[in-house]
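Remarks on the structure that follows.
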């Protein structure tokens, strides 16, 4: 059976500790449905953009958003289809997770969803590769461009056995004891290492990692856009994957990098929630439909500690009465309070 080789280093432990603490802040937050939906939608768009961009897709984040909204985008059919496919795969994660096991049939289905209509031969979508492939990059050597081989995956004849062995391990009881973040990192790397398909291996590896995080209850709200971390510095991403070859199969450095990425995503979501200033202020079970101006008020009070009506008039560009209208709901909800009277009056978060 497949067995991963790694060491739990101080860096991994520190990352896991910070990830756990950050996730607790997010889980305890009393987000209104409007903001929960916003975070989920943003993560969906960012992951679809980043995961396809890493592989050379030319659509911008705004174009991916437009495509997701059903709008027309001027781009190649292949680029558009890749994004649409990945959005569909992201949306299918709960369906995939409902399956008792991530078996070969599901694994192939995920790849087919991601690559349908984008390969030179569509028969290769959802099929293990039947020829040798390599991972390379184009470089300019002074006279012209040439392809440099970065990684040669396992022999084609070994792929079926490697996939079966890997999936057998993934569905075994012993895996339940592995931290979900580390497990996602292991799955991500192993799919990339085996390179079981003609194309779309990277996207499949990243989708599989997201599936693990959801299935294990870590990202059940689907707030995290981890693929953004890889796309921000692709050389570091590929460099982290290559460390395993140098370490003769030891994935420790890769897991250090992978947990850095999860922490980056956790912190990004946590910062948004803390910026709103409502994670521990709202009453139990209460749902508050905030307007854009009310969110702006909360952000400024979070930053300054307190604020006057006159300051809010300038910030929001509205009258004194309009400020009172916006802030009255925050006061009624127990989020804020008025302190003092007359010219010395100001608003602050209510001390509960």
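Can you find even one residue in the range 81-96 that is within 23 Å of residue 204 (Cα to Cα), over 19 Å from the mean Cα position of the chain (by Cα) and in contact (Cβ under 8 Å) with a residue 24 or more places away in the chain?
yes
So residue 225 clears everything in (1) part of a loop (DSSP other than H, G, I, E, B); (2) surrounded by fewer than 23 Cβ atoms within 10 Å (Cβ to Cβ); (3) under 15 Å from the mean Cα position of the chain (by Cα) except one condition, right? Which one?
Of the numbered conditions (1) part of a loop (DSSP other than H, G, I, E, B); (2) surrounded by fewer than 23 Cβ atoms within 10 Å (Cβ to Cβ); (3) under 15 Å from the mean Cα position of the chain (by Cα), the odd one out for residue 225 is (2).
Given the options 289, 322, name the one that is surrounded by fewer than 15 Cβ atoms within 10 Å (Cβ to Cβ), assigned to a helix (DSSP H, G or I) and at pLDDT below 90.
Criteria check complete, one pass: 322.
Do you know which residues across the range 303-319 are touching a strand residue (DSSP E or B) at 6+ places or on another chain (Cβ under 8 Å) and either modelled with pLDDT under 80 or loosely packed, with under 13 Cβ neighbours inside 10 Å (or both)?
305
Give the residue, chosen from 173, 155, 199, 233, that is in contact with a helix residue (DSSP H, G or I) (Cβ under 7 Å, 6 or more places away or on another chain) and over 21 Å from residue 27 (Cα atoms).
Among 173, 155, 199, 233, only 199 is in contact with a helix residue (DSSP H, G or I) (Cβ under 7 Å, 6 or more places away or on another chain) and over 21 Å from residue 27 (Cα atoms).
With modelled with pLDDT under 95, surrounded by 13 or more Cβ atoms within 10 Å (Cβ to Cβ), part of a loop (DSSP other than H, G, I, E, B) and touching a helix residue (DSSP H, G or I) at 6+ places or on another chain (Cβ under 9 Å) as the only criterion, which of 31, 39 stands out?
Within the list 31, 39, the selection yields 31.
Going by the conditions given, is residue 218 crowded, with 23+ Cβ neighbours inside 10 Å, assigned by TED's automatic domain parsing to the domain that holds residue 54 and farther than 29 Å from residue 161 by Cβ?
no
For residue 278, only one of the following conditions fails: (1) in a helix (DSSP H, G or I); (2) surrounded by 13 or more Cβ atoms within 10 Å (Cβ to Cβ); (3) at pLDDT below 85. What is its number?
Exception for residue 278: condition (1).
Inside the range 144-200, can you point out the residues that are touching a residue at least 40 places away in the same chain (Cβ under 8 Å), surrounded by fewer than 19 Cβ atoms within 10 Å (Cβ to Cβ), out of contact with any strand residue (DSSP E or B) (no Cβ under 9 Å at 6 or more places or on another chain) and outside any helix (DSSP H, G or I)?
154, 171, 172, 179
Here are 4, 51, 17: which of them is over 17 Å from the mean Cα position of the chain (by Cα) and surrounded by 12 or more Cβ atoms within 10 Å (Cβ to Cβ)?
Result of the check over 4, 51, 17: 4.
Residue by residue through the range 62-77, note down the ones that are more than 17 Å from residue 40 (Cα to Cα) and exposed (fewer than 13 other Cβ atoms within 10 Å of the Cβ).
70, 71, 72, 74, 76, 77
Tell me which of these residue 126 doesn't satisfy, since it passes every other one: (1) more than 20 Å from residue 184 (Cβ to Cβ); (2) at pLDDT 95 or above; (3) not in a loop (DSSP other than H, G, I, E, B).
All conditions are met except number (3).
Looking only at the range 145-165, decide whether some residue is within 30 Å of residue 42 (Cβ to Cβ) and at pLDDT below 95.
No, the range 145-165 has no match at all.
Can you pull out every residue in the range 202-221 that is in contact (Cβ under 8 Å) with a residue 24 or more places away in the chain and over 20 Å from residue 40 (Cα atoms)?
Result: 202, 204.
Could you look through the range 243-258, keep only residues that are without any contact (Cβ under 8 Å) to a residue 40 or more places away in the chain and in contact with a helix residue (DSSP H, G or I) (Cβ under 9 Å, 6 or more places away or on another chain), and pick out the one that is nearest to residue 206 (Cα to Cα)?
257
The values are calculated or read from the model by the stated rules, or taken from the named source; none is laboratory data. All values derive from a computational prediction rather than experimental measurement. Cβ atoms come from the backbone with ideal geometry, glycine included; neighbour counts cover every protein chain shown.
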